[in-house]
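> Dropping the structure in here first, questions after.
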Amino acid sequence: MTKTELVEFMAEKAEVSKAEASRLLDAFVEGVTKGVTKEGKVSLVGFLTFEKKKREARTARNPQTGETIKIPAKNVVTVKVGSKLKEAVK
């Protein structure tokens, strides 16, 4: 499902215009981004949990050249699927 299809679905389901549904979806994405950035975690019980985790620095190997390279530490976002979503997908 694309963003456009999701906006159309939301507009129909919530009985609002596509423009309003698009603004709501954008607000949701912004809220999750802000929550993960500032709080480190956003949890929608039964659906998804977004969490910021620190990935330590490590060394890796370039498969083409065999050269060893250093990968710096960085923050990454992990997504954990909730039980209700898991059940729905079965």
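Laboratory data are not the source of any read-out in this text; all were calculated from the coordinates shown. It should be emphasised that the depicted structure is a prediction, and the values quoted were computed from it without experimental measurement. No Cβ is skipped: glycine too gets one built from the backbone with ideal geometry, and neighbour counts run over all protein chains shown.
> Taking other Cβ within 10 Å of each residue's Cβ, how do T37, T65, T49 sort, fewest first?
T65, T37, T49
> Could you work out how far helix 18-39 tilts from the main Cα principal axis of the chain, as a 0 to 90 degree angle to the nearest 10?
Rounded to the nearest ten degrees, it is 40.
> Oh, and also: Quick check on the exposure proxy: order M10, M1 from fewest to most C-beta atoms within 10 angstrom.
Ranking M10, M1 by Cβ neighbours within 10 Å, fewest first, gives M1, M10.
> State the dimensionless ratio Rg/Rh of the range 43-90 (Rg: radius of gyration of Cα atoms; Rh: Kirkwood radius).
Using Cα coordinates only, the ratio equals 1.27.
> Could you line up S83, S22 from fewest to most neighbouring Cβ atoms inside 10 Å?
S83, S22
> Another one. Work out the charge dipole of the chain with +1 on the Cβ of Lys and Arg and -1 on the Cβ of Asp and Glu about the Cα centre, then indicate which of G35, L24, T78 is farthest towards its positive end.
T78
> Distance cut-off 30 Å, Cα to Cα: go down the list K54/K84; K13/K54; K18/K54 and report the pairs above it.
Violating the 30 Å limit, Cα to Cα: K13/K54; K18/K54.
> Say each of S43 and T59 gets a label point 7 Å from the Cα, pointing the same way as Cα to Cβ; how far apart are those two points in nm?
Label at S43, label at T59, 3.9 nm between them.
> Averaging over all projection directions, find the projected area of the Cα convex hull of the range 2-90 and quote it in nm² with one decimal place.
In nm², the orientation-averaged hull projection of the range 2-90 is 9.0.
> Could I ask something else about it? Could you pull out every residue, at least 5 positions away or on a different chain, whose amide H is within less than 5 Å of the one on K41? Hs are placed 1.01 Å off N in the peptide plane, and Pro or chain starts have none.
Here the answer is K52, since their amide H atoms fall under 5 Å of that of K41.
> What do you get for the angle between helix 3-14 and the principal long axis of the chain? Use alpha-carbon atoms, 0 to 90 degrees, nearest ten.
Computed tilt is about 40 degrees.
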